[in-house]
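A short reminder: the numbers here are calculations on the coordinates, not readings from a lab. Note that the structure is predicted; figures quoted are calculated from it, not measured. FYI the Cβ positions are ideal-geometry reconstructions off the backbone, even for glycines, and counts take in every protein chain you see.
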Amino acid sequence: MTCAEFQRVLPYIIDTGGNAEQEQHLRECAVCSDLVQDLRYIADQAKLLVPMEDPSPRVWEGLQKSLEREGLVKAAPARRPLLGAPAHGWQWAVAVAALVILAIASFLLHRPEAAPLSMATGSQSQPTATDQDDQQVLQAVATLPPDVRSTYEQGLKDVNAYISDARRSVDQDPNDPDAREFLMQAYEQKAMLYQMATHSGE
Amino acid sequence: MVTRMWNQGTKLAVAALLGFVAVGVVGQTRKELRFNVGPGANVNVVNDFGPVTVRSGSSSQVLVVVTLPSDQVEIDPTQSGSRLDLRTHYLQPGASSKPVRYELTVPSDCAVSIHSSSGPIMIERIRGDITAEGDSANMDVHDVSNGHVHLRTLKGTINLSNVSDGHVEISSVSGPVNLINVSGPRVEVRTTNGKVSYRGNFASNGDYDITTHSGDIDVAMPTNASTDISLRSVTGKVENDFPFQPKQHTSLSLTNGRSFAGTSNQGGSSVELRSFSGTIRVKKQ
């Protein structure tokens with residue numbers, strides 16, 4: 001198994017692990033092993049930003065009342081989330097997805113030229129991790145007015161087409177710095193869209 | 001008789017019109033808020049629906065005039081020293097369809113941050129940092145200097161004019177970006193489909209970087225502009241109608257009709273225009 005073949009399937013196996021051939025390549029190849037370590041580290045750190053699943057509101061109300069009865073706390077005013085500090089788990093997940101996209105894009109841009117990127121357009125037929133992130137973004141804006149939702153739907157189509165074209169360009173000429181730059185900027189556009197969805201969904 | 005009836009009819013019509021107008025404005029509330037601030041103040045406005053206008057004024061005070069469409073919406077101001085936060089708060093879900101208008105007058109060195117989904121956003125005569133974001137908000141920023149300007153939108157139109165000594169970063173998915181007399185150490189524009197138009201002389205010996213996926217890039221510059229320019233469209237066209245001195249030795253892979261590199265005058269500013277599939281045009285202003 002070559003590095004290119006391994007990295008093509010990496011998005012699907014990074015969480016679940018690969019088959020025997022893929023695991024053997026990971027043991028033998030320092031470049032791919034370092035890549036997997038770096039991506040797992042980023043994902044692990046990002047998960048720390050995601051709050052644990054909240055218990056039922058009745059639990060919090062019960063705790064609040066108990067503390068008030070004991071005189072330990074006063075009745076708290078209604079809290080509103082701050083801009084950029086989302087209150088819901090899915091919003092954090094969208095923000096984390098934006099960070100992971102940028103991390104992957106940064107790796108794709110700065111990878112050694114000796115190990116060319118080979119994410120063939122054939123992979124478009126298989127669902128990717130980012131497809132699920134796109135669905136999460138659309139869910140984030142589902143409660144907004146129809147014209148706002150359609151803005152995000154069309155925006156996702158446009159940036160995904162950008163990413164697809166840029167990937168093909170890098171595949172055709174891995175040594176072209178402009179091609180890599182286009183791919184990086186395509187991912188940056190997508191990360192921007194994710195971030196704006198997070199703000200709009202508050 | 002007819003004349004008197006016509007006059008009475010006219011009076012009734014005018015009275016009805018005035019009544020409609022009165023009903024239209026009865027629900028609206030205009031509020032005026034004043035905040036004392038020191039040098040280098042920071043103002044943040046979050047107003048999802050409605051226009052936001054920011055102008056420079058008093059050096060020690062922020063004046064906020066808000067027009068509320070009904071009593072179902074309020075403004076939540078929070079001030080900590082010279083840091084001011086203004087947020088629109090809808091008391092009922094249905095009230096969010098009606099726009100709230102903000103008009104701010106701030107010190108010229110104030111840093112301004114605006115979030116308005118629908119906009120429009122207008123900012124003028126500010127020397128502090130400017131940040132504006134809106135899904136479909138049209139943005140008009142002009143006569144600003146010395147600050148960082150960050151504008152982000154999905155499909156709004158961005159108009160930026162008379163910007164000097166600025167660090168400019170603009171990102172738009174499909175909205176057009178129009179730059180007139182924008183210069184500074186760094187000017188960066190990124191779009192996916194949005195068309196980019198630049199009119200100016202790329203001054204200040206700066207770095208100018210415009211990249212699109214499929215949006216066209218149109219540049220018009222005076223013959224005295226001092227630039228070191230490179231143009232490339234991967235699958236689109238490059239049309240040059242400016243008297244550059246072509247560069248023979250360049251890191252850019254030169255393909256006739258798809259790329260070009262050259263200099264004008266002293267080659268003071270670096271200008272990179274890139275599009276994946278759009279058309280790039282450069283001509284004399």
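Rank B:54, B:44, B:80 by how far each Cα sits towards the positive end of the charge dipole of segment B:30-115 (+1 on Lys, Arg Cβ; -1 on Asp, Glu Cβ) and give me just the farthest.
Projecting each Cα onto the dipole axis, the largest value belongs to B:54.
Counting only other residues whose beta carbon sits under 10 Å from that of residue B:187, what net charge do I get with K and R as +1, D and E as -1?
-3
If a paramagnetic tag sat 7 Å from the Cα of residue B:284 along the Cα-Cβ line, which residues of segment B:189-227 would have the backbone N under 20 Å from that point?
B:198-203, B:218-227
Could you please rank B:202, B:244, A:6, placing first whichever residue has the fewest other Cβ atoms within 10 Å of its Cβ?
With the sparsest Cβ surroundings first, the list reads B:244, A:6, B:202.
Translational diffusion coefficient, Stokes-Einstein: compute it for segment B:141-217 using the Kirkwood radius over C-alpha pairs as Rh, at 4 °C and 1.567 mPa s, and state it as an integer in µm² s⁻¹.
Rounded, D is 109 µm²/s.
Quick one: grab the alpha carbon gyration tensor of segment A:152-195, order the square roots of its eigenvalues as a ≥ b ≥ c, and give me rounded if a/c is under 1.5, else prolate or oblate depending on whether a/b is larger than b/c.
Because a/c hits 1.5 or more and a/b fails to exceed b/c, segment A:152-195 counts as oblate.
What's the FRET efficiency of residue B:181 with residue B:205 using the Cβ-Cβ distance as r and R₀ = 25 Å, to the nearest 0.05?
Result of the calculation: an efficiency of 0.95.
Please work out the FRET efficiency for the pair residue B:63 and residue B:98, using the Cβ-Cβ distance as r and a Förster radius of 25 Å; give the result to the nearest 0.05.
E between residue B:63 and residue B:98, to the nearest 0.05, is 0.60.
Remind me, what semi-axes does chain B give for its equivalent ellipsoid, largest first in whole Å, using sqrt of 5 times each Cα gyration tensor eigenvalue?
45, 24, 17
How much of the pair distance distribution for segment B:183-261 lies past 15 Å, counting alpha-carbon pairs only, in percent?
Beyond 15 Å sits 60 percent of the P(r) for segment B:183-261.
With each pseudo-label sitting 7 Å past Cα toward Cβ, what's the residue A:13-residue A:33 distance in nm, one decimal?
Once both label points are built, they end up 1.6 nm from each other.
If you plug each phi of segment B:73-88 into the Karplus form 6.51 cos²θ - 1.76 cosθ + 1.60 with θ = phi - 60°, what whole-Hz ³J(HN,Hα) values come out, in order, with x for Gly and Pro?
Using θ = phi - 60°, the values come out as 9, 9, 10, 10, x, 9, 10, 9, x, 9, 9, 10, 10, 10, 10, 7 Hz.
For residue B:209, what is the net charge nearby, where nearby means another residue's Cβ is under 9 Å from its Cβ and Lys, Arg count +1, Asp, Glu -1?
Its environment carries a net charge of 0.
Given R₀ = 25 Å, what would the calculated FRET efficiency be for residue B:164 paired with residue B:80, taking r from the Cβ atoms and rounding to 0.05?
0.20
Out of every Cα-Cα pair in segment B:106-251, what percent are more than 17 Å apart?
Roughly 60 percent, rounded to a whole number.
Can you give the angle from 0 to 90° between the axis of helix B:2-26 and the longest principal axis of chain B, with both taken from C-alpha atoms, to the nearest 10?
Approximately 70 degrees, to the nearest ten.
Residue by residue through A:180-192, how many Cβ atoms from other chains fall within 10 Å of the Cβ on average?
Mean shielding count: 4.
Net charge within 9 Å of residue B:151 by Cβ-Cβ distance, Lys/Arg positive one each and Asp/Glu negative one each, not counting residue B:151 itself?
Surrounding charge for residue B:151 is -1.
Considering the convex hull of the alpha carbon atoms of segment B:30-115, report its projected area averaged over all viewing directions, in nm², one decimal.
4.9
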